[in-house]
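Input: a single structure, listed below in structure tokens.
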């Protein structure tokens, strides 16, 4: 299927590795022009040729302003913003969580999306195919014991997404959230390892419990997430907006 993405101008946050890199590489494979950022300079240096990039902490508004300015200049405008940046945040009982860790998790996972959107929207209004994709999580739909900062941020992403969809619909800008479930990779493993340590249980037991509430008992891949994002950013997805789209194997609860 030709999604007609050749020449699409895309800004993806946190594109050096993991889900973000999968999104960057998928857009490039479809002929889109991509600019990305990350705090990992070494990872950015290994991106495909032709991908613009800069080191950026998306929780820092001054750095984000420079990022958007450079991205728009490099791309010659902007059609798509993918707010992918996020961190796992702390694992622990609420009374044990360091307030600074709470703040950092909220700032990277939620406030960064505001930082990017407020500067990107004026450019998106000039596009013939504008969209914003915000990465939320299955944790944005379910309670998540011992992960309250992350869950709070990801629930906030869905509210932000729906509100922007209504606000920007008149401009033809569609806004959606993607909700990954258990994603293959080091980050997910570290989360499960932290929960295992917190509960004094073997990793395999915690992993089994996590999948016990998932109908399709397999990890989601970055490619699957990228495929969904590419479709909703194409003209074929032009009437999809305000949606919280789960790519999670039918997750019913988080353990």
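All of the numbers you see were taken from the coordinates with simple rules; none came from a lab. Please read these numbers as outputs of a predicted model, since none were measured by experiment. Glycine also receives a Cβ, built like all others from the backbone with ideal geometry; neighbour counts cover every protein chain displayed.
Take the alpha-carbon centre of segment 96-170, take the same for segment 196-255, and report the distance between them in whole Å.
17
Output the 0 to 90 degree angle, nearest 10, between the alpha-carbon long axis of helix 61-75 and the longest principal axis computed from the alpha carbons of the chain.
With both axes taken from Cα atoms, the answer is about 50 degrees.
Nearest 0.05, what FRET efficiency do residue 66 and residue 166 give at R0 = 45 Å with Cβ-Cβ as r?
My answer for the efficiency is 0.90.
How would 166, 229, 245 line up from fewest to most surrounding beta-carbon atoms within 10 angstrom?
Placing the least packed residue first, the sequence is 166, 245, 229.
Taking the chain as a Gaussian network, Cα atoms linked when under 10 Å apart, which of 181, 43, 22 shows the biggest mean-square fluctuation?
The residue that fluctuates most here is 43.
Give the peptides 129-142, 95-108, 3-16, 56-69 in descending order of average Cβ contacts within 10 Å, highest first.
129-142, 3-16, 56-69, 95-108
Quick one: grab the alpha carbon gyration tensor of segment 164-255, order the square roots of its eigenvalues as a ≥ b ≥ c, and give me rounded if a/c is under 1.5, else prolate or oblate depending on whether a/b is larger than b/c.
prolate
Once the Cβ-Cβ distance between residue 255 and residue 73 is put in as r, and R0 is 35 Å, what FRET efficiency do you end up with, to the nearest 0.05?
Computed FRET efficiency for residue 255 and residue 73: 0.15.
Suppose R0 equals 25 Å. What FRET efficiency, 1/(1 + (r/R0)^6) with r the Cβ-Cβ distance, do residue 212 and residue 96 give to the nearest 0.05?
0.45
Per DSSP H run of at least 4 residues, take -39500 (n - 2.57); add these up for the chain, divide by its residues and hand me the 222 nm value, nearest 500 deg cm²/dmol.
-13000 deg cm²/dmol
Helix 148-168 versus the longest principal axis of the chain: what is the Cα-based angle in degrees, 0 to 90, to the nearest 10?
Approximately 30 degrees, to the nearest ten.
With each pseudo-label sitting 7 Å past Cα toward Cβ, what's the residue 88-residue 45 distance in nm, one decimal?
2.6
Sorting check: for 46-54, 71-79, which peptide has the highest mean count of neighbouring beta carbons within 10 Å, and how do the rest follow?
Listed from highest to lowest mean packing, they are 71-79, 46-54.
Taking 0.36 nm per intervening residue step and subtracting the Cα-Cα distance, what contour gain separates residue 2 from residue 186 on full extension?
Here the answer is 63.0 nm.
Counting DSSP beta bridges with both partners in the chain, what percentage is antiparallel, nearest 5?
5
In what order do 1, 253 fall by count of nearby beta-carbon atoms within 10 Å, going from fewest to most?
Going from least to most buried by this count: 1, 253.
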